Structures are given as C-alpha cells and as structure tokens.
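Report on the following structure.
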Amino acid sequence: MSVQFKLSVKELSPEDQPREKLLMKGVDALSNAELLAIIIGSGNRDETSVELSQRILKSVSNNINGLGKLSVKHLISNFKGIGEAKAISIVAALELGKRRKFETVEESNIIISSKQIYQYFERLLCDIPYEEFWALFMNNANRIIGRKKISQGGVSEASVDIKLVFHEAVTALASKVIICHNHPSGNIQPSIPDDNLTSRIQTGMKSLGIQLIDHVIVSDGCYYSYSDENRILNTTSSESVPMRKRGPQIPSPEETK
C-alpha cells in the first residue's frame, strides 16, 4: 500500500508560496486563489490555504463579484478552516476593493454619462440581495450635491413614495436628479412598474422646474439607462452640461475650449 504525503504551503518551493511569489514576481503574477490564500493565511487539516481558496472560489463559479456577496455566516458555515476572523478578513478585503473603485468615480464629482452613474451606484447596490431605490442630486453643472436612499424592498421590487423624491430634491436645491435602483435577479430590463414610476417622477420634476436626467437600473456587470434608450427627453438650457450617451460622445463645454 502506497502512502501519500501532502505538502503544506510552507514546504512548497518559494515560487509556489503565495507570499513569496508576490515578493519575487509581483502581485500581478498571483491567481485569485493565491491572493485569497494570502488573506486567509492558512488552510485546514485536509487542504492548504490555496486549495481551500480554490474551493471557495469554485463555489461562486470563480466570480469575484459572487465572492463579494458571501456573508461572514455563510463562509463560516460552509468552509472548514474558515472561522470568524478569516471570514471577516475576506469580507473586509473585498469591501476595500469596492471602496477604492467608488472613490475613483467620486474624484471628478461630475456626472456626464450613464456609465458614470452605473459606476457610482455599482458599489452601493450590486452586492445586496434586495432592491433599493436611490436619488442623486446635482446642480446645473452636473456636479453632485447630494444623494438619498428613498426606499428598500424585497427581491423583486421596492415601493417608492415619489413625494419623498420630490421633497428631497427640493431640500437639496437640486437642478437635476438621477434616479437609480437595482435588479438582484440580474435582468436589467425595466418592468412596467419601472416605466410608470419613471414617467410619474419625470412629470412631477418638470412641474418643479427640475430635470430628471436619467433612470438607471443596475445589476452585476451591466445596467440599463432610460436616457441612453431615448426614453427620457430633456430640454437642456445653454448653460447646462450635456449628458453623454453610450453612442457618439458629446463634448462638454470644458473640452471645446
């Protein structure tokens, strides 16, 4: 009978040890499993840290966004060798990654495209398993002056009090408003209630002298923009900064100087 010996990570060649490999070859040389292995530090009696990390990633089809949706409780319950401390480390590391992306979007603080809207709300909405409805408030130069979560609902819908949207827009002294909500199902196509809500909010904003710039529906890695689909028509004053569509880019006033 043959006896198989299992090497620990420390017994591997330095090039195969995640920490040493990072130092020798740089962070880009590491696989997702190796990066995750550095975060958790160690495996269990049956698996090295890399093998355990590979199994965790396999459970979410090797999708980092899917990994970001796993809770501390789920990680502890489903993976031997992942205790509270390791689970918290994984969740915290992924949150830092999301915040880094979010800060990059906020640097300009000016919204001129639907892609920017998606990038702004992706960090807030894409990892939650229920719908949330948000409003983003801007001045006439498309500079963000505030945001507000209007409602939180279930898996398939969130009830929205449009009077609250109007109230928050007026309170913020907004000239323009963007509304956004998520579809946890992954289907970004708007529903009939989404269409009706958009129409009602646009009509109400118009009566207040406020422009509804866009309604964006976000999900993992994709989004739907009412403005891009020409389903929101705005009469823009000569002093306003235009929104860019996904198609031909409209230069902003600063770019034409």
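Considering only residues that are among the charged types (D, E, K, R) and assigned to a helix (DSSP H, G or I), which ones fall in the stretch 71-99? Correct list: LYS73, GLU84, LYS86, GLU95, LYS98, ARG99.
Being more than 12 Å from the chain's Cα centre (by Cα) and either among the basic types (Lys, Arg) or in the same structural domain as ILE128 (by TED's automatic domain parsing) (or both) is true for just one of LYS80, LYS69. Which residue is that?
Selected residue: LYS80, the only one of LYS80, LYS69 that is more than 12 Å from the chain's Cα centre (by Cα) and either among the basic types (Lys, Arg) or in the same structural domain as ILE128 (by TED's automatic domain parsing) (or both).
For LEU23, are the conditions met, namely being modelled with pLDDT under 95 and over 18 Å from GLY97 (Cα atoms)? Judged against the criteria, LEU23 is a match. Restricting ILE76, ILE82 to residues that are surrounded by 14 or more Cβ atoms within 10 Å (Cβ to Cβ), over 19 Å from LEU96 (Cα atoms), touching a Leu at 6+ places or on another chain (Cβ under 6 Å) and at pLDDT 95 or above narrows the list to ILE82. Does THR256 qualify as being more than 28 Å from CYS126 (Cα to Cα), of a type in the set (Ser, Thr, Tyr), exposed (fewer than 13 other Cβ atoms within 10 Å of the Cβ) and modelled with pLDDT under 95? Spelling it out, THR256 is indeed more than 28 Å from CYS126 (Cα to Cα), of a type in the set (Ser, Thr, Tyr), exposed (fewer than 13 other Cβ atoms within 10 Å of the Cβ) and modelled with pLDDT under 95.
If you take the residues of the stretch 206-219 that are surrounded by 18 or more Cβ atoms within 10 Å (Cβ to Cβ) and not aliphatic (A, V, I, L, M), which of them is nearest to ASP127 (Cα to Cα)? So the residue we want is SER219. Being closer than 28 Å to ASN230 by Cα and within 13 Å of the chain's Cα centre (by Cα) holds for only one residue in TYR118, TYR130, and it is TYR118.
The values are calculated or read from the model by the stated rules, or taken from the named source; none is laboratory data. All figures in this text were calculated on a predicted structure; none of them were measured in a lab. No Cβ is skipped: glycine too gets one built from the backbone with ideal geometry, and neighbour counts run over all protein chains shown.
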